[in-house]
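Remarks on the structure that follows.
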Amino acid sequence: MWPLVAYVGLVLALFVRFQDPRAERRPLRLEASPEELRLVRRQHRVFYALLLAAPIEWWLRARPAGWMQMAGALLFLAGLIGYRRAGRALGEQLTPLVAPRDPPKLIERGPYRKVRHPMYLAELAMAFGTVPALGAYASAVLAVVFALVVLHRAGIEEQVLHERLPGYRAYAARTSRILPYVY
């Protein structure tokens with residue numbers, strides 16, 4: 001039972017947001033093409049489908065808890081921490097869309113020192129941590145589909161960032177796209 005309890009706690013931690021009530025926040029104006037919105041929706045739908053399918057599969061199969069479940073929960077936790085760190089490093093530049101917020105600004109601090117898309121790496125860690133955390137191996141298909149969607153989105157985002165951010169080409173030359181020192 002502990003894998004499900006840990007998983008629910010991790011998912012809740014993913015969706016709970018803490019903000020300083022005294023911090024001034026500028027309004028977020030989102031403008032995107034229909035194609036860009038479809039891509040963002042597809043990414044979110046596949047991720048949420050995985051987050052829902054895995055506990056259903058766990059419940060149907062009643063897998064025993066073991067070291068694989070612990071490893072999966074730790075991978076999910078690492079992804080959650082990475083996701084929060086990357087979001088914090090982006091600050092005002094954080095947006096759910098592919099294009100950066102106006103005025104566009106190149107972020108090279110925190111996890112962005114070595115990786116151009118650390119949020120995607122974190123999301124992939126959460127997706128692939130979900131499968132062993134709950135022993136939901138049939139749900140691995142959704143994790144793979146999610147990875148393909150994220151890689152596709154990262155490619156499109158790279159093109160947009162090359163066009164809109166001065167210095168992005170040099171930054172891209174000295175950093176990895178998603179996986180440090182590998183890709």
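The values are calculated or read from the model by the stated rules, or taken from the named source; none is laboratory data. Note that the structure is predicted; figures quoted are calculated from it, not measured. Neighbour counts run over all protein chains shown; Cβ positions are idealised from the backbone, glycine included.
Structure notes:
- Checking 5, 16, 98 one by one, the residue that is closer than 21 Å to residue 150 by Cα and either more than 19 Å from the chain's Cα centre (by Cα) or not charged (D, E, K, R) (or both) is 98 and no other.
- Test set (1) of a type in the set (A, V, I, L, M); (2) surrounded by 13 or more Cβ atoms within 10 Å (Cβ to Cβ); (3) over 30 Å from residue 71 (Cα atoms); (4) modelled with pLDDT of 95 or more - residue 170 fails condition number: (2)
- The residues of the range 136-171 that are over 16 Å from the mean Cα position of the chain (by Cα) and of a type in the set (Gly, Ala, Ser), listed by number, are 136, 138, 139, 140, 167, 170.
- From 46, 98, residue being aliphatic (A, V, I, L, M) and farther than 24 Å from residue 12 by Cβ: 98
- Failed item, numbered, when residue 66 is tested on (1) surrounded by fewer than 15 Cβ atoms within 10 Å (Cβ to Cβ); (2) at pLDDT below 95; (3) under 27 Å from residue 156 (Cα atoms); (4) not polar (S, T, N, Q): (3)
- Test result for residue 122, under 20 Å from residue 39 (Cα atoms), out of contact with any Leu (no Cβ under 6 Å at 6 or more places or on another chain), surrounded by fewer than 21 Cβ atoms within 10 Å (Cβ to Cβ) and of a type in the set (Gly, Ala, Ser): no
- Residue tally, condition farther than 18 Å from residue 146 by Cα, in a helix (DSSP H, G or I) and touching a helix residue (DSSP H, G or I) at 6+ places or on another chain (Cβ under 6 Å), over the range 38-70: 3
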